[in-house]
1. Top mean-square fluctuation among GLY125, GLY18, GLY43, Gaussian network model of the chain, C-alpha springs under 10 Å?
2. Is it possible to state the helix-based mean residue ellipticity at 222 nm for the chain, with each DSSP H run of 4+ residues giving -39500 (n - 2.57), the sum divided by total residues, to the nearest 500 deg cm²/dmol? What is it?
3. Which value, in debye to the nearest 20, gives the size of the charge dipole of the chain about its Cα centre, when Lys and Arg are +1 and Asp and Glu are -1 at the Cβ?
4. Run the numbers on the chain and let me know its relative contact order in percent, using alpha-carbon pairs under 8 Å that are six or more apart.
5. In nm, give the distance between the simple-model label positions of ARG247 and SER59, each being 7 Å from the Cα along the Cα-to-Cβ direction.
6. Ordered by packing density, taken as the mean number of other Cβ atoms within 10 Å over each peptide's residues, highest first, how do 235-241, 214-220 rank?
7. How much length is gained on full extension from LEU141 to LYS308, taking 0.36 nm per residue of separation minus their Cα-Cα distance?
8. Report, please, the projected area of the chain averaged over directions, based on the convex hull of its C-alpha atoms, in nm².
Amino acid sequence: MELTNIASYLTSFLTFAGVYAVLALGLNMQWGFTGQFNIGIAGFFAVGAYTSAILTTPSSPAYLGGFGMPFLVGLLGAIIASTVLGLIVGLITARLRTDYLAIASIGIAEMVRLFVKNEDWLTNGVRGIAGIDRPLAGTVLDSGFAYLVIVALFVAGVYFLVERAYASPWGRVLRAIRENEPATAAAGKSIAGFRLQAFVLGSAIMGLGGGLYAHFFGFLSPEAFMPLYGTFLVWVMLIAGGSGNNRGAILGAIVVWGVWSGTDLLTGLLPSEHATQAAALRVLLIGVLLQVILVLRPEGILPEKPPKLIARKR
């Protein structure tokens, strides 16, 4: 029984880490590649999760649903919905820089969360959406390990596509914008256009992460998309792993989620009278970890290494 419990815990841990790895890869597309300071990750995360849940859940009088679509259709809907939201937000904020973009993005994320919380006809409000099935539900392959494999395949697919984009001429333009925007504009590149493209693609990836989360957890509520869980942790993962490095984003997700899960176990050992302080203690420990990384290794565990240019043979 103990081995079974350990295996179940590791499966759940790696699945959650995989979902967060997808979110970190989406943020890396925006911040690591282009330097866009998006603090509204939770908004795209929530849109992807709720869209997939609405498309795939059975009929319910409590909220919009009953479409009964397959798992992949739900994920596709999550990507499309997050892409549309990213396009709208990007068109509004494409010319904003650093702190202005941060303020705008976190405001939009809170608007999304409050919309999800208050529009009962669409999302069932604070009562949430339950009964979100995994893709292999009702079959002999319906297990946590099978869904872990599915999440791992999506992480690998997103990593492959994002890594190819990073090494492409398009990715080089994004890095040029991040490092020296005036020089890039002088070279004839559309700064706003490239920023918008990176922002929309990153938002689409975050929506995919939301869809994967919905089908793994099986229940959605507005509390799951608080800034702490949907934004702060993702930023810590990317900074700790290595901003601009896709492998660092994945490694950071695993390491930070391990620390977060470990602090849950540690705070569970506290006396009952201190149980209410456990959540604050966990945030404090994550904050201390972030400060240590910024001081000792500001470039992250895996620093960014731009791809080498291969000289053409004449």
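The values are calculated or read from the model by the stated rules, or taken from the named source; none is laboratory data. No experiment lies behind these values; they were computed from the predicted model shown. Neighbour counts run over all protein chains shown; Cβ positions are idealised from the backbone, glycine included. Keep in mind that these areas ignore ligands, DNA and RNA; they rest on the heavy atoms of the full protein, side chains included. Shrake-Rupley method; radii C 1.70, N 1.55, O 1.52, S 1.80 Å.
1. Among GLY125, GLY18, GLY43, the largest GNM mean-square fluctuation belongs to GLY125.
2. Values: 12 runs with 208 residues, N = 314.
Taken over the chain, the calculation gives -22500 deg cm²/dmol.
3. On the way: 20 positive and 15 negative charges, 314 e Å.
Taking the Cα centre of the chain as origin, the dipole is about 1520 debye.
4. Working: 509 pairs, mean separation 95.3, N = 314.
It rounds to 30 percent for the chain.
5. Result: 5.2 nm between the two label points.
6. Numbers: 235-241: 25.7, 214-220: 20.0.
Averaged packing, sorted descending, gives the order 235-241, 214-220.
7. Numbers: separation 167, 0.36 × 167 = 60.12 nm, distance 4.30 nm.
Full extension from LEU141 to LYS308 adds 55.8 nm.
8. Values: hull surface 78.9 nm².
So the mean shadow area of the Cα hull is 19.7 nm².
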